[in-house]
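Down below is the structure, laid out as structure tokens.
Only the coordinates and a few stated rules stand behind these numbers; no lab work does. Here the structure is a predicted model, which is why all the values come from computation and not from measurement. Glycine gets a Cβ as well: all are built from the backbone with ideal geometry, and neighbour counts include every protein chain shown.
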Amino acid sequence: MIIWSVSGIAIKHALVVLPPFTLIVLRFVPSVLLMLLIGLLCRRSPLFGLQRLEWRDVPLFLIAGFCQPFLYYLLETFTYDVLHSPTIAETLLSTSPLLSPLFAAVLLRERVTRFNIFGIMISTAGVFALTLVGSADYSIGNPWGVLLAFAAVSAAVIDSVMMRKVPGRYSSLSFIFYAQLISLCFFLPIWFWREATVIDYHELIANSQLPTALFCVGYLTVFASVIAFILFCYALRKVGVTRANAFNNIRPAFTALWMLLFFGEHLPLAKWVGILLIIFGLFVCQKQEKVSDC
């Protein structure tokens with residue numbers, strides 16, 4: 001989550017120079033190739049080995065690759081476009097922990113405890129305090145934007161469920177590799193259709209901000225698309241969908257801290273309270289109920 005909390009800042013800087021689908025292709029093509037190289041070099045590693053995909057498991061990977069990053073990125077983009085307030089959009093897109101218990105209970109029969117629910121509620125209250133306090137406009141705006149945001153969040157949670165359902169013989173790297181490879185199969189036609197033939201490559205290369213954009217793409221490729229996804233997949237398999245997704249609430253808190261440390265953005269007292277609520281809620285969510293012997 002610490003790695004992903006920087007992703008939004010990196011994406012914002014990269015989009016100053018690169019069109020959105022070009023950024024996605026530049027991000028995921030190298031990440032897939034990097035994971036292929038790591039997987040082949042570390043075949044015997046339970047975390048980084050790359051196993052051959054079996055035909056019976058293809059539907060699970062197709063669903064995962066379609067949901068995230070492909071569908072989530074599209075819905076996220078339209079959410080920011082439809083909602084006039086980026087703060088509201090960011091808040092709505094941070095609600096995956098609220099939907100995780102429902103999907104985990106229905107699709108995985110995963111046990112959801114009162115501590116999970118209570119902790120998620122506290123942490124989510126912190127997210128709203130962190131992102132909404134100081135906003136100039138608190139109105140929701142277009143209701144279609146709300147539906148798009150929750151559709152995006154649902155796609156991300158379904159991807160988490162697929163991580164849990166994929167057989168344990170596949171390493172975390174294998175899951176992320178095949179999911180991102182499938183996503184690229186959806187992204188590339190859209191990129192060719194919308195951007196590849198209309199980009200002025202001479203102007204792009206001459207842009208003085210291109211080195212910064214490429215540095216951000218490098219961060220997104222190596223850290224956000226490979227390392228963070230593999231770590232999250234491994235953690236989710238160990239602690240379950242509900243408890244792992246609860247940590248998504250801490251991403252806005254870390255983003256706010258990075259903006260304070262590196263960009264001098266002011267954090268009022270209410271935002272510090274929101275950060276503390278998020279952290280406290282995460283501790284409550286991870287607490288295990290004692291199982292009675294009766």
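Take the stretch 141-291, drop everything but the C-alpha atoms, weight them equally and run the Debye formula without solvent; then report log10 I(q)/I(0) at 0.09, 0.12, 0.17, 0.18 Å⁻¹ to two decimals. Cα-only, vacuum Debye calculation for the stretch 141-291: -0.45, -0.81, -1.33, -1.36.
Counted by neighbouring Cβ atoms within 10 Å, the residues Lys287, Lys12 run from fewest to most as Lys12, Lys287. For the pair Val106 and Val16, label points projected 7 Å from Cα toward Cβ lie 4.3 nm apart. Packing, taken as the mean count of other beta carbons within 10 Å per residue, orders the peptides 155-164, 101-110 from highest to lowest as 155-164, 101-110. In this simple spin-label approximation, His202 and Val222 carry label points 7 Å from Cα along the Cα→Cβ vector, and these lie 3.4 nm apart. Which value in deg cm²/dmol, rounded to the nearest 500, describes the helix-derived mean residue ellipticity at 222 nm for the chain, given -39,500 (n - 2.57) per DSSP H run of n ≥ 4 and division by the residue count? Rounded to the nearest 500, it is -21000 deg cm²/dmol. Counting only Cβ charges, +1 for Lys and Arg and -1 for Asp and Glu, the dipole size of the stretch 2-286 around its Cα centre is about 1280 debye. Site pair Arg43 and Phe280 shows an inter-label distance of 5.3 nm when each label is modelled 7 Å from Cα along Cα→Cβ.
Select from the chain the helices, each a whole stretch of DSSP H, whose alpha-carbon atoms run 18 Å or more along the helix axis and whose Kyte-Doolittle mean is at least 0.0; answer none if there are none.
Values: long enough: 20-41 (32 Å, 2.27); 114-132 (27 Å, 1.48); 143-165 (33 Å, 1.22); 172-191 (28 Å, 1.73); 269-286 (26 Å, 2.11).
Sorted by number, the helices that extend far enough and score high enough are 20-41, 114-132, 143-165, 172-191, 269-286.
One chain, two ends: Met259 and Thr212. Fully extended at 0.36 nm per residue, the span grows by 15.2 nm beyond their Cα-Cα distance. Charging the Cβ of each Asp and Glu at -1 and of each Lys and Arg at +1, and nothing else, the dipole of the stretch 168-282 about its Cα centre rounds to 700 debye.
Ordered by the number of other Cβ atoms lying within 10 Å of each residue's own Cβ, fewest first, Thr197, Thr124, Thr221 fall into the sequence Thr197, Thr221, Thr124. Which FRET efficiency, nearest 0.05, do Val29 and Met1 yield, Cβ-Cβ r, R0 22 Å? Efficiency at R0 = 22 Å is approximately 0.30.
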